[in-house]
Amino acid sequence: MKEQVIIADKLSKRFGQFMATNQISFSVSAGEIFGFLGANGAGKTTAMRMLCGLSIPSEGSASVAGFDVYTQTEEIKKNIGYMSQRFSLYEDLTVLENIRFFGGIYGLSDLQIKEKSDALIQQLGLEKEAKKLVSALPLGWRQKLSFSVAILHDPKIVFLDEPTGGVDPLTRRQFWDMIYAAANRGVTIFVTTHYMDEAEYCDRISIMVDGKIDAMGTPAELKKQFDAQNMDEVFYQLARGAKRKE
Amino acid sequence: MFAVEAKELRKVYGKEKTVAVDAVSFSVKEGELFGLIGPDGAGKTSIFRMLTTLLLPDGGAASVAGLDIVKDYKEIRKRLGYMPGKFSLYADLTVEENLNFFATVFGTTIEENYHLIKDIYVQLAPFKNRRAGKLSGGMKQKLALCCALIHKPEVLFLDEPTTGVDPVSRKEFWEMLKRLKAQGISILVSTPYMDEAALCDKIALIQGGKILSIDTPNAIVEDFPNKLFALKGDSMYLLLQAANTSNFVEHAYAFGEYAHVILKDNISSEDLLLDYLSQEGFGALEMKQIVPSIEDCFIRLLR
């Protein structure tokens with residue numbers, strides 16, 4: 001069996017009387033693309049924050065890259081990458097400065113940073129833009145750069161929180177090409193999205209409703225289980241019953 | 001008369017003269033639901049801000065409800081409703097206070113136009129004493145829509161009302177728009193979600209400040225010049241790569257569980273591609289001709 005890089009067992013987070021995340025259990029293997037879906041307010045962000053070592057669970061257990069989410073949060077942070085649509089890069093720094101900054105944060109040596117920046121700039125075809133402010137780049141390029149920076153330190157797992165929101169359809173697909181390439185190299189991908197066609201690109205998906213995982217499986221399994229033509233229908237069947245609205 | 005008419009509208013920003021809106025022309029008929037469909041950075045918000053008289057154009061002209069956006073800005077502001085992409089209500093006022101405030105500013109009362117917002121407001125009513133800043137995202141969006149409607153505008157401008165909203169809430173929001181349209185309000189709405197385009201009467205596909213195509217969703221789909229196929233098989237990622245590097249394919253791209261494929265002009269039959277792919281070792285192959293979606297049309301126009 002493949003190495004399990006994320007294991008969650010009855011993981012829960014309570015805010016006062018409110019169970020934001022309610023006993024979720026799942027595991028993700030190395031190199032897997034795992035889609036973490038759910039309606040606004042279903043508890044995805046809370047769950048993700050616990051897995052990234054940013055929030056201590058109320059109950060249950062979980063390990064990420066082999067580290068415990070209660071006691072080893074600093075090790076977790078060093079061994080994962082994170083990217084979101086809202087925050088990814090510093091707009092007032094240049095492309096190169098961003099790479100250097102994040103390289104430094106992740107503890108890479110000067111030499112490693114130099115080598116990685118050169119390779120990355122070349123790979124993304126950003127030679128002319130390397131010394132430009134990130135704010136001057138089109139959104140699509142920013143998202144690609146942002147993903148590359150999130151995996152600069154070769155993490156075992158990268159968490160992507162709605163990485164393709166607002167991006168044009170062609171760039172969205174190029175972005176998924178990068179996700180596939182990373183997964184082929186063995187990086188585990190944990191991704192949230194509101195685009196249901198992207199749910200189809202995942203190896204497995206979980207769908208959260210009101211704090212719980214209500215369905216989990218490959219896209220084909222879920223469509224069969226819910227007798228649905230596409231993931232949009234699966235999602236609709238599950239989420240329309242939600243009591244909690246964000 | 002058109003609800004909105006833009007002629008060669010242009011906006012340039014900064015010292016570097018970045019062209020955000022480049023000679024954009026379109027018109028929205030009275031009672032029409034018109035969609036500006038395009039990604040972030042396409043120029044949608046700049047167009048909205050010019051039409052709502054919050055930004056002066058650098059070229060071209062436009063009218064809203066028959067009034068000039070530069071000369072008649074005071075009158076236009078009374079007649080339009082605007083819901084910006086960014087939440088812009090008063091966070092420290094309650095739900096009810098916000099609504100009251102906007103009604104008063106426009107010289108009306110909540111009671112007078114309650115019929116317009118009733119459907120939406122009943123969902124907010126349990127929270128009417130909560131401060132707007134403490135509302136959830138979905139509730140904020142509903143309150144913003146109520147505030148944009150409370151003075152019974154002739155034209156409603158909605159800038160990305162569904163961005164970041166889950167598919168179920170997006171469907172609900174579009175149901176609300178349909179009901180508003182039925183009440184005779186003209187609506188200009190922008191969205192980055194291609195699947196919402198089909199719900200509009202007419203759409204403009206926009207990218208890089210320019211309109212790529214403008215028509216009814218059906219006509220845009222009918223204009224698609226190629227035969228489009230949906231292809232499926234084992235290991236989709238590799239299949240897509242193999243299709244794209246073969247001699248038969250103009251362009252293949254992922255589309256949900258299928259890859260969408262446009263064959264090269266001189267390829268007489270899809271069997272040539274299927275034979276090639278099975279020789280390359282791909283199993284469980286399935287290929288059928290399909291009707292393009294707006295997203296397919298957009299992808300073609302971007303290339």
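Just so it is clear, none of the values below were taken in a lab; they were calculated from the coordinates. What you see is a predicted model; the values in this text were computed from it and never measured. Here Cβ is always computed from backbone atoms with ideal geometry, including for glycine, and neighbour counts include all displayed protein chains.
When only Cα pairs under 8 Å and 6 or more residues apart are kept, what is the percent relative contact order across segment B:228-302?
Once divided by the residue count of segment B:228-302, the mean separation gives 41 percent.
In square nanometres, what is one fourth of the surface area of the convex hull spanned by the alpha carbons of segment A:4-239?
Computed as one quarter of the Cα hull surface, the answer is 12.8 nm².
Report, to the nearest 10°, how far helix B:137-149 tilts away from the longest principal axis of the Cα atoms in chain B, using its own Cα long axis and a range of 0 to 90°.
Roughly 60 degrees, rounded to the nearest 10.
Pairs of Cα atoms under 8 Å, at least six residues apart: use those to get the relative contact order of chain B, whole percent.
20 percent
Could you give the Stokes-Einstein D for chain B in µm² per second, using the C-alpha Kirkwood radius, 4 °C, 1.567 mPa s?
61 µm²/s
How long are the three semi-axes of the equivalent ellipsoid for the protein assembly as shown, computed from the Cα gyration tensor as the root of 5 times each eigenvalue, in whole Å, largest first?
Largest first, the protein assembly as shown gives 38, 30, 25 Å.
Select from B:K288, B:K202, B:K78 the residue whose mean-square fluctuation is largest in a Gaussian network model of chain B (Cα-Cα springs shorter than 10 Å).
Of B:K288, B:K202, B:K78, the Gaussian network model singles out B:K288 as fluctuating most.
Which Cα, out of B:G281, B:T245, B:G233, lies furthest along the positive dipole direction of segment B:228-302 (beta carbon charges, K/R +1, D/E -1)?
B:T245
HN-Hα J couplings of segment B:234-247 from phi, Karplus 6.51/-1.76/1.60, θ = phi - 60°, integer Hz, Gly and Pro as x?
Here the 3J(HN,Hα) series is 5, 6, 4, 4, 5, 4, 4, 5, 5, 4, 5, 8, 6, 7 Hz.
What number, rounded to the nearest 500 deg cm²/dmol, is the helix-based mean residue ellipticity at 222 nm of the protein assembly as shown, given -39500 (n - 2.57) per DSSP H run of at least four residues and division by all its residues?
-10000 deg cm²/dmol
Please pull out the direction-averaged projected area of segment A:57-165, using the convex hull of its alpha-carbon atoms, in nm² to one decimal place.
Hull-based average projected area comes out at 7.6 nm².
Determine the dipole magnitude for segment A:4-239: charges of +1 sit on the beta-carbon of Lys and Arg, -1 on that of Asp and Glu, nothing else is charged, the reference point is the Cα centre, and the result goes in debye to the nearest 20.
With Lys and Arg at +1 and Asp and Glu at -1, about 360 debye.
For chain B, give the magnitude of the charge dipole about the Cα centre (Cβ charges: +1 Lys/Arg, -1 Asp/Glu; no others), in debye to the nearest 20.
Charge dipole, chain B, about its Cα centre: 1340 debye, nearest 20.
Choose one of B:Y121, B:A103, A:F175: the residue whose Cα lies farthest towards the positive end of the charge dipole of the protein assembly as shown (beta-carbon charges +1 Lys, Arg; -1 Asp, Glu; about the Cα centre).
B:A103
Between the alpha-carbon centers of segment B:150-193 and segment A:204-246, tell me the distance in whole angstrom.
About 26 Å separates the Cα centre of segment B:150-193 from the one of segment A:204-246.
If amide H atoms are built 1.01 Å from N in the plane of the peptide, which residues on other chains or at least 5 residues away come under 5 Å of the amide H of B:I206?
For B:I206, whose amide H was placed from the backbone, the distant partners under 5 Å are B:I37, B:G38, B:L212.
If the viscosity is 1.567 mPa s and the temperature 4 °C, what translational diffusion coefficient in µm²/s does Stokes-Einstein give for segment B:228-302 when Rh comes from Kirkwood over Cα pairs?
105 µm²/s
Taking H as built 1.01 Å from N, whose amide H comes closer than 5 Å to the amide H of B:A20, not counting residues under 5 places away?
B:K11, B:V12, B:Y13
Within segment B:57-151, which GluC sites (Glu not before Pro) sit in a loop by DSSP and count at most 12 neighbouring Cβ atoms inside 10 Å?
Loop-located and lightly packed - B:E111.
Filter the trypsin sites (Lys or Arg not before Pro) in segment A:88-138 down to the DSSP loop ones having no more than 15 other Cβ atoms within 10 Å, then list what survives.
Filter output for segment A:88-138: A:K131, A:K132.
Given a cut-off of under 8 Å on Cα pairs at least six residues apart, what relative contact order in percent is computed for segment A:4-239?
So the answer I get is 27 percent.
GNM on chain A, C-alpha springs below 10 Å: top fluctuator among A:A220, A:A65, A:A20?
A:A220
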